[in-house]
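Q: Next up is a structure, given as structure tokens.
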Amino acid sequence: NLLLPDGVPAERQWARFYIKIYRAEGLPRMNTSIMANVKKALIGENKDLVDPYVQVSFAGQKGKTSVQKSSYEPLWNEQIIFTEMFPPLCKRIRIQIRDSDKVNDVAIGTHFLDLRKISNEG
């Protein structure tokens, strides 16, 4: 296969990649929703708590955890499973914590996990 990079065998096997999401700490107080600002102005409701979840992207696939309502230190203890050829052609995993909102989810933070740093040469 001419599309495979040098060093990647043409015959690859399927593998499962398990991403375990435990918890988050120290999330910022956020009030990014326009509707939240309207509610605050009309009825005095001040909602600055976040409804966080984690979205993981790997090799064109996406998975996410459940949403933890109104939490600055959410606890998930969940895992996301991806099925992909091994070795994968993708070199990193994107882990993003997001604030769930009815109109538009907002990214709170993003981290890229380099697969070369967590795997062996073989």
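Q: Within region 111-122, work out how many residues are open to solvent by 50 Å² or more (accessible area, probe 1.4 Å) and under 16 Å from the mean Cα position of the chain (by Cα).
A: Residues flagged as open to solvent by 50 Å² or more (accessible area, probe 1.4 Å) and under 16 Å from the mean Cα position of the chain (by Cα) within region 111-122 amount to 3.
Q: Starting from region 7-25, keep only residues that are under 18 Å from residue 61 (Cα atoms), then list their pairs with residues that are not in a strand (DSSP E or B) whose Cβ atoms are within a distance under 9 Å, requiring at least 6 positions of separation or different chains.
A: Correct list of pairs: 15/87; 15/88; 17/59; 17/88; 21/65.
Q: Does residue 5 fit the bill of being modelled with pLDDT of 75 or more and part of a loop (DSSP other than H, G, I, E, B)?
A: no
Q: For residue 16, are the conditions met, namely being farther than 30 Å from residue 120 by Cα, in a strand (DSSP E or B) and at pLDDT 85 or above?
A: no
Q: Looking at region 57-70, is at least one residue in contact with a helix residue (DSSP H, G or I) (Cβ under 6 Å, 6 or more places away or on another chain) and modelled with pLDDT of 85 or more?
A: no
Q: Just checking, how many residues over region 85-103 are at pLDDT 90 or above and among the charged types (D, E, K, R)?
A: 4
Q: Among 108, 80, which is at pLDDT 95 or above and either open to solvent by 40 Å² or more (accessible area, probe 1.4 Å) or among the hydrophobic types (A, V, I, L, M, F, W, C) (or both)?
A: 80
Q: Now for a separate question. Restricting to region 19-33, count the residues that are modelled with pLDDT of 75 or more and β-branched (Val, Ile, Thr).
A: Total meeting the criteria: 2.
The values are calculated or read from the model by the stated rules, or taken from the named source; none is laboratory data. As the structure is a computational prediction, the values presented were derived from the model and not from experiment. All Cβ positions, glycine included, derive from the backbone under ideal geometry; neighbour counts span all protein chains shown. Surface areas here come from the heavy atoms of the whole protein model, side chains and all, with no ligands, DNA or RNA. Shrake-Rupley method; radii C 1.70, N 1.55, O 1.52, S 1.80 Å.
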